[in-house]
Amino acid sequence: MTPFKKITGIIAPLDSSNVDTDQVIPKQFLKSIKRTGFGESLFFDWRYLADGSPDPQFTLNDPAFKGASILITRNNFGCGSSREHAVWAIKQYGFDVVIAPCKQNGDVNIPAFADIFRNNSAKNSLLTIELLEKEVDQIFREVQAHKGLAATIDLETQKIILHTAPEISFSFEIAPAVKKRLLEGLDDIGISLQYETAITSFESGHNAQLSLPGSNGTKSI
């Protein structure tokens with residue numbers, strides 16, 4: 001997995017709440033047994049018209065956002081099914097970061113991201129950033145006023161810097177374990193290999209004859 005430390009890129013807005021994984025990557029594109037080729041189908045039902053041509057009204061088809069690597073959206077992004085393909089599609093399209101707000105609705109806190117989507121993102125080097133709703137509102141306003149606005153995301157300092165005049169910055173929180181995983185480019189196997197010495201030591205002293213109860217009802221220990 002490629003380490004994530006700092007990126008600078010264009011911000012693309014997707015001003016929708018509760019974007020589920022079937023909207024991110026529709027089910028008809030999940031047939032492939034490979035982990036490649038999903039980017040072109042990202043937001044398929046929104047990006048393309050019935051004749052297959054790009055919908056000029058959809059944000060990502062606006063030339064101002066071509067090559068964007070930062071997606072700003074609304075709360076509860078990635079809800080729905082647990083398909084990891086949603087994260088693959090976002091990454092393969094070219095996004096490295098998704099920013100969304102948490103939202104308070106009475107006594108209910110609506111998260112920025114669905115839990116499974118957030119976990120899948122961490123495993124695939126996609127940085128998910130949760131900000132306050134008023135901060136996300138401000139970013140949307142700046143992007144609307146300055147189409148093609150670029151920002152720098154610095155994971156080490158946990159800062160978002162909008163390259164406006166003057167620049168605007170936001171701080172974000174991230175779980176230490178997720179930060180370490182992203183900074184060092186560790187997938188699940190990479191994390192396990194950090195304990196290779198301990199694993200090897202355990203295996204060398206492990207009795208390979210340990211077994212479940214056999215036909216005689218006994219268990220070797």
- prompt: So which residue, out of HIS163, HIS206, HIS85, gets the largest mean-square fluctuation from a GNM of the chain using Cα contacts under 10 Å as springs?
  reply: HIS206
query: Which option, [x] 18.0; [y] 15.2; [z] 12.3, is the value of mean projected area of the Cα convex hull in nm² that was calculated from these coordinates?
result: [x]
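Counting only DSSP beta bridges with both residues in the chain, tell me the antiparallel percent, nearest 5. Could you put the intermediate results ahead of the total?
Details: 17 of 30 bridges.
In the chain, DSSP labels about 55 percent of beta bridges as antiparallel.
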statement: Subtracting the Cα-Cα distance of SER204 and THR8 from 0.36 nm times their residue separation yields 65.9 nm
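Over the chain, what is the relative contact order in whole percent, taking alpha-carbon pairs under 8 Å and six or more residues apart? Intermediate results must be reported in sequence, preceding the final value.
On the way: 381 pairs, mean separation 50.6, N = 221.
After rounding, I find 23 percent.
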task: Please give, to one decimal in nm, the separation of the simple spin-label points placed at ILE174 and ASP15, each 7 Å out from Cα toward the Cβ.
output: 2.8
- prompt: Under 5 Å between amide H atoms, partner at least 5 residues away or on a different chain: which partners does ILE99 have, H built in plane at 1.01 Å?
  reply: LEU71, ILE72, THR73, ILE129
- prompt: Does segment 97-191 classify as rounded, prolate or oblate by the C-alpha gyration tensor (a ≥ b ≥ c root eigenvalues; a/c under 1.5 gives rounded; else a/b over b/c gives prolate, otherwise oblate)?
  reply: oblate
message: For the pair ASP55/GLU133, report the inter-label distance in nm, with labels modelled 7 Å from Cα in the Cβ direction.
response: 2.5
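A short reminder: the numbers here are calculations on the coordinates, not readings from a lab. Predicted model only: the values in this text are computed from it and were never measured. No Cβ is skipped: glycine too gets one built from the backbone with ideal geometry, and neighbour counts run over all protein chains shown.
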